Every structure is written in structure tokens, then in C-alpha cells.
Ligand SMILES: C[S@@+](CC[C@H](N)C(=O)[O-])C[C@H]1O[C@@H](n2cnc3c(N)ncnc32)[C@H](O)[C@@H]1O
């Protein structure tokens, strides 16, 4: 919590952490919309079965499938899913892998990487599985170690996941405003690395399941400032969602339970 926020909380006797701090934070962000949005977050997530091109169905949010489909793929592309586990969006990409293209699914956590392996092995036919590899790098360093090395990146960053927090008493009890702030710093480090890892003419899809602008538009705004002249943004076309300054935000109260999901498409300008 910043000094200013701490002083404000102390003066108004507001809790700094826990369920009431969470409530106050999202009331401030969404105002009169919050009660309805809150109610929608507490309902079971609306999932669909991803089946086409897979050996067995994989269940995930329909908005996640639409988001992964918004990344343009072309023949021969080197595609990297920077933060891939458990692998839902990797499967969504793999099922539309164009001829000659390869997909690298990267995940830093070894436990989550093991799960990613199981998901890929049990859903992809051997011919397709051979074109999909798994790596375990810290993706914040990819751009430094392999600059301009890939044509497409899916960057689904670790984020506030309010839908998860609000339904989990332990997470809610530990919540404080420092959580979205810390995650937005991590998201920017991943995004800057992804931009550096992208070849000129390549595309990058930035995705979060966060409600907070700090982890969505504000991360994109910072990247556009820090990498000025290197990237331009495009609002992807999704069947649901609300346009924000740089992307599209699917919120469950307005999208029949889909989301939350924020998506922005970035294109690297040719040098
Ligand atoms: C939102 S989840 C990804 C969900 C996944 N895209 C899917 O659709 O199933 C973010 C993942 O990023 C991983 N991660 C966090 N920091 C990372 C880093 N620096 N490098 C690589 N992976 C990271 C986390 O362990 C987590 O599994």
C-alpha cells in the first residue's frame, strides 16, 4: 500500500487488507456497476468444450478461446506462448497451427509445467504434438536472450484473477491494494520482454483475466511509452466485450458469465 493510501485508510479508518479492503477498492473502480459485477463473479464461470482438432474436449472460458483466435497466425511462424500452463490457450493455438509453423509453450513453474505436458500429451494427436515443444524459461528475460526471434507471441500474464479471489476466503483475507500494483509491474516486465522478442512485422496478444485497469490498459500505455515507435496497438474483434482505450474487456455481468478477460493486440513495426 502506498503512503498516500495508507494515510487515507488510517484517516477514514478503512481496512488495508482483507474482504472489506477488496470491496472498497472495486467499488471505487466500478461505482454503481460493482454489485452486479460482483454477483456475476460469484456465479460459476461459463465454460465451453474446445473440441475441434483435439483428441478429447478441454473445458475453458469461451472468451479465452475467442482471445486466442484473435492472434493472427501464418505459415512457417515461430509462435511462443510465454506463460502457458495449464495450457488452455496453447491448445486453442495448436489446433489452428498453420503449415510449417511451430509452437513453443513456455512455463517457468516446474509443477505447472508438468501439468502443461499432461494437457498437451492428452489432447494433441502425435503429428501435431511433435510441432509443439515445452520450455521452462523466465519469460521476462526472453527478449534479452533471444531478441527479434519470433513472429507471434501469446502473453497471458499472471494477474489479479478477481473471480478466483472473490470465491476463496483465504485469498480474499490476504488481499490488499498492493496485489494489483505488484502484478502490474510483473506484467510490464513480461510485456517489454515480449516486445523485444518479437521480430519486426510480428504480432503479440496481451491477455489478462484482471478487472483492474492497472493490469490492463495501463500496462499497454506504459509499453507504448517505453517502446515508442516500435509497436502499435489494435483492438481485437471479439464477439463480446467493451472497448477500452487500447483493448477490449469482457466482463461477466455484460457477457453472460464470460470473462473477466482483457485483450490487446500489438504489432511490431518493421525497422
Ligand atoms: C494466467 S496463467 C497462464 C494461463 C494459460 N495461458 C492458460 O490459458 O492455460 C500465467 C502463468 O504464467 C506463469 N509465469 C509467471 N511468471 C512467469 C515468467 N516470468 N516466465 C514464465 N512463466 C511465468 C505462471 O506460473 C502461470 O502458470
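Just so you know, all these numbers are worked out from the coordinates, no wet-lab data involved. All values reported here derive from a predicted model rather than from experimental measurement. For neighbour counting, all protein chains shown are included, and Cβ atoms are generated from backbone atoms with ideal geometry for every residue, glycine included.
Quick look at the values:
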quantity	calculated
Label point 7 Å beyond Cα of residue 102 along Cβ direction - residues of the range 114-135 with amide nitrogen under 17 Å	127-135
Two-decimal Rg/Rh across the range 22-144, once Rg and the Kirkwood Rh are taken from alpha-carbon atoms	1.07
Length-normalised contact order of the chain in % [C-alpha pairs under 8 Å, at least 6 apart]	21
Calculated FRET efficiency for the pair residue 146/residue 245, C-beta based, R₀ 35 Å, to 0.05	0.70
Using alpha-carbon coordinates, inclination of helix 178-197 to the longest axis of the chain, degrees	20
Label-point gap, in nm, between residue 182 and residue 121 - each point 7 angstrom along Cα→Cβ	3.3
Computed label-point distance, nm, for sites residue 227 and residue 131 using a 7 Å Cα→Cβ extension	2.6
Cα-based Rg of the range 115-227 normalised by 2.2 N^0.38 Å, two decimals	1.23
Alpha-carbon gyration tensor eigenvalues x 5, square-rooted, for the chain, Å	32, 22, 17
Intensity falloff of the range 106-162 expressed as log10 I(q)/I(0), Debye formula with alpha-carbon point scatterers, at q = 0.12, 0.22, 0.31 Å⁻¹	-0.37, -1.07, -1.25
Tilt relative to the chain, helix 110-123 - C-alpha long axis, 0 to 90 degrees, to 10	50
Alpha-carbon Debye profile of the range 136-188, log10 I(q)/I(0) at 0.19, 0.24 Å⁻¹	-0.77, -0.97
Folded to 0 to 90 degrees: helix 19-30 orientation relative to the chain principal axis, Cα	70
Approximate spin-label separation residue 32-residue 14, in nm, with each point projected 7 Å along Cα-to-Cβ	2.1
The range 50-104 versus the range 236-271: alpha-carbon centroid distance in Å	17
Antiparallel DSSP beta bridges within the chain, as percent of all bridges there, nearest 5	55
MRE, 222 nm, helices only [DSSP H, n ≥ 4, -39500 (n - 2.57), over the chain, to nearest 500]	-11000 deg cm²/dmol
Spread of Cα-to-Cα distances over 10 Å intervals beginning at zero, given as percent, for the range 168-210	22, 39, 24, 12, 3
